[in-house]
Amino acid sequence: MGKGKEHMGNTTRARAIDGHVTILAMVLVTTVTEAMLLLLPIYIGAIVDFLPLDAGQVGLLGSADLVGVALGATSGLFWLRKVDWRKTVLAALLVFSIANLCSLGVTAFMPLGSLRLLAGLAAGAAYAVALAGLCDTSHQARNTALMVCGQVIFGAVGIYLLPLVPDALRLDGVYYYMLAWTAITLAVVWFAFPDNPASETVSEPVSLSGYGLPGLLAFGGTGFYFLTIGAVWGYLERIALEAGMTLAEVGATLSLGYIISLAGSFGAAWMGTRYGRAWPMIVTGAVQLFMLFLFTRLDHYDDALGAFLVINAIFQFFWSFIIAYQVVIFNDADHDGRFIPLYGTAMHIALAIGPFAGAFMIDGDSYRPILWFGMVTLSACYLMFLGSIWRRKRAVEGSL
């Protein structure tokens, strides 16, 4: 971020945005506003089991929050550096909580979809502010990795506990879980979120093309990555059930994979960019592609539970590991502190498309076509990120 970079060399006095509690507040906001993504397999599973909807309606409900987050985050392009951050986040989280409260007990498709869209809009606005704040800090890679740590903890606890809730209450349990975390987040935000975005504002119009080919490639890479996640992650519970696992086994295994993936986000926080940006991308892409291939063979293993545990844990480890590098590459194209909301745009539009598109790839009772689709989109993702790195390197060398 432009503003953060300007202060990197200031060692005479601490910056308020680098305070530990302030960083905690921003991490909590980027965690609860990603709640639906983090709980997506359980949420879609609860919709399938509890609501009498067809595949298209299930996909739309699974995508509603994510569409809202995409729109809310995108709106930040026009107001992010002009508003009081603390008041904006408090208002957005309050609307998010009201939408979750009103969703309790709602089973009709249109009312529930409208409420989830509203929840997503509020979450997206808060997410844009908090992510921009983390990128304004002096240690971007470390703090975005800590953001992933917070999301992993949220997801691990929720995915372990929610399958233990009685079937008829599981859908409402998702909303209650989000409400509990949001209440804690509101308290921390009230006391610790930064009041103002920067010492100066930027008012020129924003254009994605203004950030050049590196920015366009980073935008595309982010989109393809989360299109993979939206499709595969959204139906991973169903994939495991198809292989013969029980719901409790799936929940425990996904939760354990989340916990193991903490090592990935901690590893990214420790490594920073000491090994550059390209090598983490190359290694992660190769491993994740292989794990998706192994998922297609899940029903061939004698011990499907053990195989799912190992494959999922490795996939989630690298999922948590690579996010910080994606944000850093995305932010490399920035020069005025406003490009980063487009990360939320690319991420959540793709996430919204994923569950809906995945619903139409199911072949009878087989979810394997979703996994093959994920391999194609994941390959496109890493080629684009590597292209962004290469183009930016050439641009920097050409300016010397």
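Kindly list, by first and then second residue, each pair from a residue in segment 353-377 that is under 14 Å from residue 236 (Cβ atoms) to a residue that is surrounded by 14 or more Cβ atoms within 10 Å (Cβ to Cβ) and of a type in the set (Lys, Arg), limited to pairs with Cβ atoms under 7 Å and residues at least 6 apart or on different chains. Sorted first by the residue in segment 353-377, then by its partner, the pairs are 367/238.
I need the full set of residues from segment 133-146 which are in contact with a Gly (Cβ under 7 Å, 6 or more places away or on another chain) and either small (Gly, Ala, Ser) or not in a helix (DSSP H, G or I) (or both), in order please. If the condition is that a residue be in contact with a Gly (Cβ under 7 Å, 6 or more places away or on another chain) and either small (Gly, Ala, Ser) or not in a helix (DSSP H, G or I) (or both), then 137, 138, 141 are the ones that fit. Looking only at residues in segment 258-267 that are more than 16 Å from the chain's Cα centre (by Cα) and not β-branched (Val, Ile, Thr), which one is farthest from residue 40 (Cα to Cα)? In this case the residue turns out to be 267. Take residue 102 and tell me if it is touching a residue at least 12 places away in the same chain (Cβ under 8 Å) and touching a Ser or Thr at 6+ places or on another chain (Cβ under 7 Å). Answer is no for this residue. Considering every residue within segment 307-330, establish whether at least one is surrounded by fewer than 17 Cβ atoms within 10 Å (Cβ to Cβ) and either modelled with pLDDT under 85 or in contact with a His (Cβ under 8 Å, 6 or more places away or on another chain) (or both). No; the residues of segment 307-330 include none that is surrounded by fewer than 17 Cβ atoms within 10 Å (Cβ to Cβ) and either modelled with pLDDT under 85 or in contact with a His (Cβ under 8 Å, 6 or more places away or on another chain) (or both). Number of residues in segment 162-180 that are of a type in the set (A, V, I, L, M) and either without any contact (Cβ under 8 Å) to a residue 24 or more places away in the chain or within 27 Å of residue 131 (Cα to Cα) (or both) equals 6. Do we find a residue being at pLDDT below 80, in a helix (DSSP H, G or I) and of a type outside the set (D, E, K, R) anywhere in segment 364-379? No: zero hits. Residues being out of contact with any strand residue (DSSP E or B) (no Cβ under 9 Å at 6 or more places or on another chain), under 18 Å from residue 159 (Cα atoms) and of a type in the set (Val, Ile, Thr) are entirely absent from segment 65-74.
Which residue is nearest to residue 239 (Cα to Cα), if the candidates are limited to segment 249-282 and must be among the hydroxyl-bearing types (Ser, Thr, Tyr) and either crowded, with 24+ Cβ neighbours inside 10 Å or modelled with pLDDT of 75 or more (or both)? Ranking the candidates gives 253 first. From the list 294, 289, the lone residue that is free of Cβ contacts under 8 Å to residues at least 60 places away in the same chain and either not in a loop (DSSP other than H, G, I, E, B) or not basic (Lys, Arg) (or both) is 294. Being among the charged types (D, E, K, R), at pLDDT 85 or above and under 16 Å from residue 247 (Cα atoms) is a condition met by no residue of segment 145-168.
The values are calculated or read from the model by the stated rules, or taken from the named source; none is laboratory data. Everything numeric in this text was worked out from a predicted model, so none of it was measured. Positions of Cβ are generated from backbone atoms using ideal geometry, with glycine treated the same way; all protein chains shown enter the neighbour counts.
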